[in-house]
Each structure stands twice: as C-alpha cells, then as structure tokens.
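The values are calculated or read from the model by the stated rules, or taken from the named source; none is laboratory data. From a predicted model like this one, the values you see are computed outputs, not experimental measurements. Counting neighbours? That spans all protein chains shown, and the Cβs are built from the backbone with ideal geometry, glycine included. Keep in mind that these areas ignore ligands, DNA and RNA; they rest on the heavy atoms of the full protein, side chains included. Shrake-Rupley method; radii C 1.70, N 1.55, O 1.52, S 1.80 Å.
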Amino acid sequence: MRLPPQPGEWLDRSAVLPFRFEGRSYSGFAGDSISAALWAAGQHTLGRSFKYHRPRGILTLANHDINVMLQTPQAMNIRGDVEALRAGMELVAVNTAGGVDNDRNRYMGLLARFLPVGFYYKAFHTKALFPLWERLIRNFSGLGKLDLSKPALHTPKRYDFCDVLVIGGGVSGLQAALHAARAGAQVVLVDENARSGGSASFQFGGSVAGLQALRELQSAVAAEPLIRVLTDTTAVGYYADHWIALIDAQCMTKLRAKAVVVASGAFELPAVFSHNDVPGVMTAGAAQRLINRYAVRPMQTAVALVANSEGFTAVLDALQAGVKVAAVADMRSQGPTCAARDAVREAGVRVLDGWGIYEAHSGDSGRRVTGVTLARLLADGQADTSTKEHVVCDGVIMSVGFAPAANLLYQAGTTMGWSDTVQQFVPAKLPAGIFACGRVNGVYDSEAKALDGQRAGMLAAAHCGFGSQHDVPHVPEALRCPSHPWPIVAHPQGKNFVDFDEDLQLKDFYNAAQEGYDNIELMKRYTTNGMGPSQGKHSNMTALRILARIIGKTPIEVGTTTARPFYHPVSISHLAGRGFTPERHTPMRALHTQAGAVWMAAGMWQRPEYYAVAGRSRMQCIREEAMNVRQRVGIIDVGTLGKLEVIGPQAAEFLERIYISRYANLAVGMTRYAVICDESGVVIDDGVVARLAEQHFYFTTTTSGAATVYRELSRLNTLWRMDCGIVNHTGAFAGVNVAGPQARQLLASLTSADLDGAAFPYLGVREIDVAGIPARAMRVGFVGEWGYEVHVPAEYGAALWQALMQAGTGLGIRPFGVEAQRLLRLEKGHIIIGQDTDGLTVPREAALGWATKLEKPFFIGQRSLQAIAKRPQKQTLVGFTLDIPGMATSQDSHPDMPSESHLVIVNGEISGRITSVAFSPALGHVIGMAFVTPALSAVGTGLPIRLTSGNMVQAKVVALPFYDAAGARQKEVSA
C-alpha cells in the first residue's frame, strides 16, 4: 500500500499516471518505477520464472534480477524494477502463456525432476528425438516477443572526454567527484539510477540525519562547475586506455578518460532457502527502496533474515513505515553489537541469534508468502530441524551479504584478492589510472566510504596532474563483516533458488560438480549460472561459495568467471547506432537535379541513374542517352571516382608493387589501365594510372573502392617505408567525361590546347585549361568513343559542367547517367569490378591476363597468381548475344530477357552465371557477359540460360568487344 509522503521519496504526487498491466487498469505517480507502482496497487505477482514459470515478485528492485520483465507494444524486455512509469503504458509480463495469473506453463514445475541441470546436453544425441526437442525448446525459449511492424528505434552514438570519470553516484562516488574537481580536474560522474545517492538515498535506519548529509553533498557536487552528472547512465564496458562505453535511454556514449574511479558499489545477495523465490521475499535494499524512494509499504508483517548491520537498518526502516516485524533471524551465532541492532531490540522485536529461515510458505496459490519456518543453524550451516518454528508473515526481508560490482575492475585488468574480514573480493593491484572506492573496495561504513571516496578522487586527479597525492586522507580498516560466509540453508525438498534468472537450485550445483563440472568456468556453462539477463549479479558469488564448499577450497582458490563487456545487457539498437547512411554529392548536384536526374546510390555517393524526360519511360531515356553518345556527344559526372596521387623518388616502384601491370616504363604524359589484387590474387579494384612527371603519378579508383584503396595504400607505404607520399584528392577534384564523335570539337571550343590525335594521343594525359579552368585531361575511352576525362578543382566543377553544356548546344550535347554508361561499356566489353567479378575472381578469369605481369619482381598477389597459373582454369568471362523479338521497342523488361545472376544450365548442372546483360540499341540485340566453364568458352558455343520463370533461352558465345572491335572510334573521329 502507498505510504504518506516520505522525506526522501522520488515521487511527484501531483502527476498521476494511468497505465495498464495484463489488461487491468492501475495508476502511479511520476517518479514511480513500474514495479513499485504495481506493488503499491497490491499486484504482487509481477512475472513468471524462465524455466518453471513460478510466480515471481520484487526481489532486488535494483536491476540485479529479472523477476519483473515486461513488454509494451513498442518495446520488449523492459526492466520493471528500474523503468520509470509513463502515462498510458500497456504492459504485459514476458514468458507467460495466458498472463502472470493464469500462465498455462505453470505446470512445468511438475516436470522439474525430468529437467535436471544440463538436460539439454543429453537430450539431442538421438536423431529421431531431435526434431521433437527442437520444436519444444524453440516454443519455450526467449523472453520478449519481437514485433517487426513497429518502427525502428534510433539511438545515436556520441563521443565524450574528461579528466576523471567516476562510475557510481553513492557517497563515495560523490566524494570522489567533488575532490577530484576541487583539485582542478574535469569530472564526469555517471550513475545507473534516476538520481544519485546510492544506498544513502534509501538506507535510513529510521532516521533522516543521513539524508540531510547526502543532500548537502549532492548540492556541493551540483554547484561544482567542473563536474557533469549523468544519471540513468550505465557504464557497461571498459576498454583499453580508459575507454568506457556509457549507455542511457537515448544513446551510447564512448567516453575517454585520463583516470577512472570505480565506485560502483555492491550487489545485495538473496539468501538461499526453500521457496526463497515466492513473491514477498525480497532483499533489504528492495524493501527500503519501496519505503524511502517510492513510499510503498512492502508488507504488513515481516520476518527479517539478517547477517549484518544493514539488515537491522532495514528492520528499523520497516518499523518506521508501519510494518510489524514478527522476528529477526540473525544467521550469525553471536551478532556483534551495533546501534541498529540495539534499536531493534529496544523496539520490542524478537532477535534470534544463530537462526535462519528453513522454508517459506505461500499457501495453495504460491503467489504471496504466508509464513516461514525458522530453525536454529548448526555449525556447518545446516538447519536443526528439531527446533523448527512457524511464523506467520506476508513478507521476508533478507540482508545476508554482498558481492562487489567489480566487473569493470576485472575488465580493466585489476588483480583481485580475497578479504576474510569483509568476505568478498577486493582490489589487490589496480592498473595505472584506475581507482576504486566504497563497497566495491570493501569499505561499508558511511564515514569510511566518504573518506575512501575523497582518497580515490584526489589520487585520480593527481594522476591527471592536478593536486597532490600526499594529502589524501587515511581510511580506517574494516572492523565488521557485512557478508555471511554461507548464506544458505539447505532443504531436502529443494526449491532453494540460487540464480533466479535461470531457475537454478542448490542441488543443481552439486549435481554439476558430481558430473565433473567442478571448475568455476565449466560449472557456469553447464548450469548456465550467471548466463541470464542479470549476468550473475545476484547469483555468481553464492555459486562460487557453493563450489568452494563442494571441492574444499577457499573462494580465492576457486576464482571468478571471466568478466567480459558488456557488464549489463545492451539493446541492439544502441549497438547499431542511428541507422543513417551518409551521402556524398558532387559539386554538380544542383545542375543534375535541374536536368531531371533520377538518383541512385553508388557507394557513399549519389549519382544520376538517368535523366528523366517527359513522355519517355526509364528504358527509353537510358537508350536515348546511350545513342546520343554514339552519334553526337554526351557528358557524365565522374567526380565520384577515387582520385589519388603518388609523388616521390620511389613512386613508380610503389605502384609496381601495388598493381599487376608495369608502370616504371610508363612514359610521362601517358596513362595505363590498372588492376589491384589482394594477397590471394583476387581482383579488388581497377582504374587508370597517369604519369604527370618522372616522380609524379595521378591515378583513379572505382567509386566504391576509393576509401579502401587509399587506406590500404597508406598502410602499405607505412609498412614498406618507401620514399614517396600519397595524397587523396577524391573530394578535392570534380570530374567530367566528355565522349562521342563530337567530343574533340566540343572541347576544342573551350581550350587553346592542341587536341590533334598526334599531339594528344589515345591514352595520353595533359594539363590544360578548359573554359579558363586549370584541368587534367586524360584521353581514355571507357564507353568506347573518342573521349576526354577532365578533372578540375571541385570548386570549379559546376562551372565546367555549365561551360560544356553551353558550348555543346549546337552539337546535340546531352548528359548521360550511370545506366547509359554501363550499357556503353558493356558494348565495349569493359568489366565493372564487383559486378563482372566477385570475391573469388582472379585476373585471367576476367580476361585480364594481358594486364598481369607475373615476371615483375613483386606485386601484391603475385605469389598466389603464380600458383593459380599452374592450375586448370575453372571459369572464364565470355561475351554472348541473344536475339529476342520485340526488344527494340520494349519500354520495360521482356519475359524472355535474362537478368544478372541468371544461371547457365547444361545437362542439369550449373555451368555459369550472367554478370552483365542489356539490350544494345546500337547493335540491335541483347548482349551480355557471363562466367562459364572453359568447355563453353569457345566462340559460337550455345549457352542455355535459365530465367526466373524456369524457362530456358539459348544465347551464343561471341568475341569481345561487341562494338568497334578495332577501337578506331577511340583513336580518330569517324567521317
């Protein structure tokens, strides 16, 4: 039930938030968590367990378990314990068939004896039973239900930096941040909770004196200009050089710090006894959070199971909230004196030293605890059943120990040691720049935690060059033990749960060890302890104690499992990022749009696919653009090509190592086709290399390969240490290809340079002025016509395009797009890397054997190509033609038209595949290229091609190129 306003509550009672859970209406306040609002409304069964579908309620209320895992239509696997309540939420529990109250799978508990630990490792050895088990387990597995119709969530990545990062906003973390900032360091403080304060914000012990001290500390931190506080933010992973991944609801932040203070606290561990998972059985921290943060009375009558002063503090808070405490069972044979313990006794509460809970009872429904059986504990931790006593209650408060939240310390490389005094692992040797304080450092008393935080903050600041490490305060050694060495009371009937995520019981660990899984890492994998969404936060330490007792070793000898990122589950949307695709545009984009460009993606670039004309179909536009190049003159924007320079005494030798052809003998003022292979001899890119001077080369790459080629060349030059430099001009230069019978006449009208065939031969390169713009012009012919590829500084790209279009008005100039270019190059038999090649294609298969100079001293992929040359060729690229009546007038696809990747089928076997195919308006029939087996490569051979419909069409192998085999049109203008 809801309590009157509490001094430290997080609620805004003026904002009432209606919501629905499992089809029923509820309401809460702004500031409520979902679990707290439901508990306040009397809804105590909040979920069902993963394996046995047992009723589950609040356990830790701290995101250390998944008893309350919920789903909305928009989001799955919501942690109800920490998720803020929002108005209008439509919530259901995950992992149920029929809801939490009427889960049809609740009878799985009756099959528990047939589903022992590791059963799934033994159930699949029979092929006959595998389909049955697969169907059953697939139906039962998984927690949330994914709705693919819902819009994707966009969570961008951000980057941040600070001098000191403090992880954890409890008293020690706040003190660390404050004293690091006072020393002059820039500090970021992150806390996974909605507000800072840690345990000081809910562990009051019936008095608000500590709350006032906390608020003063929080105010001091807020007033410090060098501190940024990030709440609702979890540090999920530590990486090299103090690189920390931070997750909040909106994004992932990748933060780099000079020093890191880990003040992440500790996980409160549930005690292990029979039926310890019944709703109403909760940790002391959960009860105190309900009372002091959310103003909810957790139960009417409680029994407390304690083994530390924190447990007595929780009893005092419960009493303050009107809870009747029927008894306190202190698992210690003689509990040390402390103020909280004395106050509990003075309140008239019965305290039983050396007692524990043997069993919890829940009536027939199993949906709420109705009482417990207490028993005196023997020296070995077993219950003396002759002393059993039944106590009626509707809630159990447990405070028997803690486990340090040391995952990030482990990931950072910290060497951990074992402290018998506090019964936990504590840092023994911290890496440089890593500091720990508070409970994770084995410090539990309030004053000591404050001093420990001051110490860590000052040391972290000194590590960054601020302040001095000589004035740090002394932290007194711990004098009390907050954790019981064996917080377990075994019961012969079982149901002693250790890992609530996985429904693992005490007996499961004994069975695993009996079967030989007596190593901590093996036991984890065999039992799946710690492999649920909570990742062992509430169970790993208890499992370690169990294994230590089984094999007769100490906890430090048993060791811990490997702590890997992420420390806390992270949604796929956070890992994926914003989901945006960066686009690059050439300087002529606005001019293309004005001309009717229809855009397409080419790598990261946007390029005109074709230029739309009113009354013309897409196919008509493409064919007309191609014919205009063949008959008149056209221009295409090629500024997306990679454009690189290599300059220096060893520039030629560098290119000799990179490309498969020779370039040391390339004459100044000339160009040469260039192909790059990887170490396995596979073709990965091509382009043109131009020699501008003896030690100066300018070369192009494919549009999609520019960044990769530049990165790889830079890496190789760093590795080889050659005397040359590489410059990437891809974005600095615009490029236009002018092609067609009227290309020379068009360019001549804009330049004073000599464009005669002898002065500027085919494959030549010249630095000239075009329309008053300094340019590099190359006589290359990818489309098979007289052409010039003109590169100019990017700021002049639009001016060059406009000048060419204006000068070509009387010559029938027309821009052409990528699709027309692809058609034109296909007519010439020129390949496109990635379309006419794949991840296994070597040069000789792609008809590039002529370009491969195996006799060179060295080039990338040479050794592999030499080995491949000795083997029979498996496939070769050939040209083919196909006559399809009506294709010349077809405006769209034809049913008998093959497509790229259609297969060549001979005698029922795959014998090849099409890489490129199109109807050629210049030739009047369908042309294409295909990889086929050598037996099918001879000119005149028939190629049976299977269409998508399953029908077969017969093509014929022909010699390449299809158009202008002699290449005359690229060397002299036709009459």
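Quick grid of which residues meet (1) surrounded by fewer than 20 Cβ atoms within 10 Å (Cβ to Cβ); (2) at pLDDT below 95; (3) in a helix (DSSP H, G or I):
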position	(1), (2), (3)
G797	no, no, yes
L800	no, no, yes
L804	no, no, yes
E819	no, no, yes
D836	no, no, no
R863	yes, no, yes
V878	no, no, no
### Task
Identify all residues within region 69-94 that are under 9 Å from I34 (Cα atoms), assigned to a strand (DSSP E or B) and among the hydrophobic types (A, V, I, L, M, F, W, C); write none if there are none.
A84
### Evaluation of F50 against (1) in a loop (DSSP other than H, G, I, E, B); (2) of a type in the set (A, V, I, L, M, F, W, C); (3) open to solvent by less than 50 Å² (accessible area, probe 1.4 Å) (one fails), failing number
(3)
### Task
Taking the residues in region 545-593 that are buried (at least 19 other Cβ atoms within 10 Å of the Cβ) and in contact with a Pro (Cβ under 6 Å, 6 or more places away or on another chain) as candidates, determine which candidate is nearest to D501 (Cα to Cα).
A548
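The rows are residues; the columns are (1) of a type outside the set (K, R); (2) surrounded by 15 or more Cβ atoms within 10 Å (Cβ to Cβ).
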residue	(1), (2)
P73	yes, no
I78	yes, yes
M89	yes, yes
T96	yes, yes
Y107	yes, no
G118	yes, yes
R182	no, yes
### Task
Could you run through region 365-409 and say how many residues are more than 22 Å from S309 (Cα to Cα) and either out of contact with any strand residue (DSSP E or B) (no Cβ under 7 Å at 6 or more places or on another chain) or without any contact (Cβ under 8 Å) to a residue 12 or more places away in the chain (or both)?
7
### Query
Do any strands (runs of 3 or more DSSP E) lying entirely in region 371-415 carry at least 1 residues that are open to solvent by 10 Å² or more (accessible area, probe 1.4 Å) and within 30 Å of I58 (Cβ to Cβ), and which ones are they?
371-377, 383-392, 402-404
### Message
Among the residues in region 346-362, are any open to solvent by 10 Å² or more (accessible area, probe 1.4 Å) and aromatic (F, W, Y)?
### Response
yes
### Message
Can you find, within region 323-341, the residue that is nearest to T387 (Cα to Cα) among those that are open to solvent by 60 Å² or more (accessible area, probe 1.4 Å) and not in a strand (DSSP E or B)?
### Response
S333
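Wholly within region 107-219, which helices (runs of 4 or more DSSP H) include no fewer than the required count, namely at least 1 residues that are modelled with pLDDT of 95 or more?
Here the list reads 171-182.
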### Task
Test I684 against the stated conditions and say whether it is open to solvent by 10 Å² or more (accessible area, probe 1.4 Å), farther than 24 Å from V738 by Cα and in contact with a Gly (Cβ under 8 Å, 6 or more places away or on another chain).
yes
### Scan of region 583-622 for residues that are within 16 Å of P815 (Cβ to Cβ) and among the basic types (K, R), ordered by number
R589, R607, R616, R618
### Message
E827 - would you say it is surrounded by 20 or more Cβ atoms within 10 Å (Cβ to Cβ), touching a residue at least 40 places away in the same chain (Cβ under 8 Å), in contact with a strand residue (DSSP E or B) (Cβ under 9 Å, 6 or more places away or on another chain) and within 30 Å of G912 (Cα to Cα)?
### Response
yes
### Task
Give the residue, chosen from P872, P961, P944, P885, that is of a type outside the set (F, W, Y), in a loop (DSSP other than H, G, I, E, B) and under 46 Å from the mean Cα position of the chain (by Cα).
P872
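Looking at R721, R711, which is the one that is within 38 Å of the chain's Cα centre (by Cα), on the phi > 0 side of the Ramachandran plot and at pLDDT 95 or above?
R721
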#### Entry: Test: R228 is touching a Phe, Trp or Tyr at 6+ places or on another chain (Cβ under 6 Å), open to solvent by 40 Å² or more (accessible area, probe 1.4 Å) and farther than 27 Å from A403 by Cα
no
### Query
Is it the case that region 57-69 has a residue that's hydroxyl-bearing (S, T, Y) and either farther than 24 Å from K150 by Cβ or at pLDDT 95 or above (or both)?
yes
#### Entry: Output for region 1-12, where each listed residue is exposed (fewer than 13 other Cβ atoms within 10 Å of the Cβ) and in contact with a strand residue (DSSP E or B) (Cβ under 9 Å, 6 or more places away or on another chain)
P5, D12
## Note on the structure
Being of a type outside the set (F, W, Y), surrounded by fewer than 22 Cβ atoms within 10 Å (Cβ to Cβ), under 30 Å from L923 (Cα atoms) and at pLDDT 95 or above narrows T671, T702 down to just T702
### Task
Out of the residues in region 928-943 that are among the hydrophobic types (A, V, I, L, M, F, W, C) and closer than 11 Å to V878 by Cα, state the one that is most open to solvent (accessible area, probe 1.4 Å).
V939
#### Entry: Residue check, S617 at pLDDT below 95, surrounded by fewer than 16 Cβ atoms within 10 Å (Cβ to Cβ) and over 25 Å from R779 (Cα atoms)
yes
